[in-house]
Amino acid sequence: MTNPLNKNIIKNADISALAANFREYIARNKAEEEREQLIEDLTSRNQDLSQFAYITSHNLRAPLSNLIGLIDILNYDLLDEYNKTIVDMFKDSALKLNETIYDLTQMLSIKSNKNISIENVSVARIFKKVCNSFTKQIHTMGISIHTDFQCEMIPFNKSYLESVLMNLMSNAVKYCSENRPLKIEVSTKLDRNGDIILTFSDNGMGIDLIKHKDRIFGLNERFHSHVNGSGVGLFITKTQINSLGGDITVKSEVDKGSTFTVTIKNPC
């Protein structure tokens, strides 16, 4: 004979399980809706931010270039010492703003460009072009540059490679040591996996990696306050390299110099 009490217990258990499953379904549905709404909001905000940054940089570049041009053609010799100081400060501020806008444009270009062209690029030719931009500093500072390109042709984006080498060169010049002439060594070689290793070394001021290791490639990070800089050069460099499937690391010691190692994936 069936016990009615057992039937009730079974029915109650079934109802409880059904209610629990229903509550779980409702909670999961709600979480999914909230997730989709969050993704939609973030996507919209990101698009708005990118559009704002693009419009801002685009609309500022032309008048700023005109401003710098007007300062350059100003008859400096006709000014007294006070006004010369004002003009120098004005030009310095304009150049800093121009650099900031350029960096912003670079970052927007990297984030928005999903189909980056990769070709075999002559690293020797690109680095020579970069060195030409620093001709004055190379001569006045007595900079010694040594290259060893075992892999001269590397699979990379031409503009990105120039930007990477330009940023590394600029940092080496900015943060050189006052105690010795600047020496720069740039090389490429194949590693055991067939990937290309690009190494950029200098004997400059170096970076305290114990303090700053996790911030080296961060946005707006600076480690030497006495030198002007935007703090985005290494961030852009890492972003460009990562976007092509590569990687960059650094070894550095205070007052001894820094070595940046770029690993470039070889598609062959």
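The values are calculated or read from the model by the stated rules, or taken from the named source; none is laboratory data. Please read these numbers as outputs of a predicted model, since none were measured by experiment. With ideal geometry, Cβ positions are generated from the backbone for all residues, glycine too; neighbour counts draw on all protein chains shown.
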Task: Selected residue (only one of ILE145, ILE207 is more than 19 Å from the chain's Cα centre (by Cα) and outside any helix (DSSP H, G or I)) - done: ILE145
TODO: Of the conditions (1) at pLDDT 90 or above; (2) touching a helix residue (DSSP H, G or I) at 6+ places or on another chain (Cβ under 9 Å), SER243 clears all except one; give me its number.
DONE: (1)
Task: Pairs, first free of Cβ contacts under 8 Å to residues at least 24 places away in the same chain in the stretch 77-101, second outside any helix (DSSP H, G or I), C-beta under 7 Å, six or more apart - done: VAL87/LEU74; VAL87/LEU79
Open item on the list: I'd like the full set of residues that are touching a helix residue (DSSP H, G or I) at 6+ places or on another chain (Cβ under 9 Å) and farther than 15 Å from THR249 by Cβ, limited to the stretch 185-202.
Closed with: VAL186, THR188, ASP202
Open item on the list: Just to check your reading of the model, which residue among ILE118, ILE143, ILE101 is of a type in the set (A, V, I, L, M, F, W, C), modelled with pLDDT under 90, over 29 Å from LEU64 (Cα atoms) and in contact with a Leu (Cβ under 7 Å, 6 or more places away or on another chain)?
Closed with: ILE118
Task: Single condition GLU40 does not satisfy, out of (1) farther than 30 Å from ILE101 by Cα; (2) among the charged types (D, E, K, R); (3) modelled with pLDDT of 65 or more - done: (1)
Task: Test set (1) surrounded by fewer than 19 Cβ atoms within 10 Å (Cβ to Cβ); (2) more than 23 Å from CYS131 (Cβ to Cβ); (3) out of contact with any strand residue (DSSP E or B) (no Cβ under 9 Å at 6 or more places or on another chain); (4) modelled with pLDDT under 90 - LEU209 fails condition number - done: (3)
Open item on the list: Tell me the residue from ASN167, ASN157, ASN179 that is under 18 Å from THR237 (Cβ atoms), surrounded by fewer than 20 Cβ atoms within 10 Å (Cβ to Cβ) and polar (S, T, N, Q), please.
Closed with: ASN157
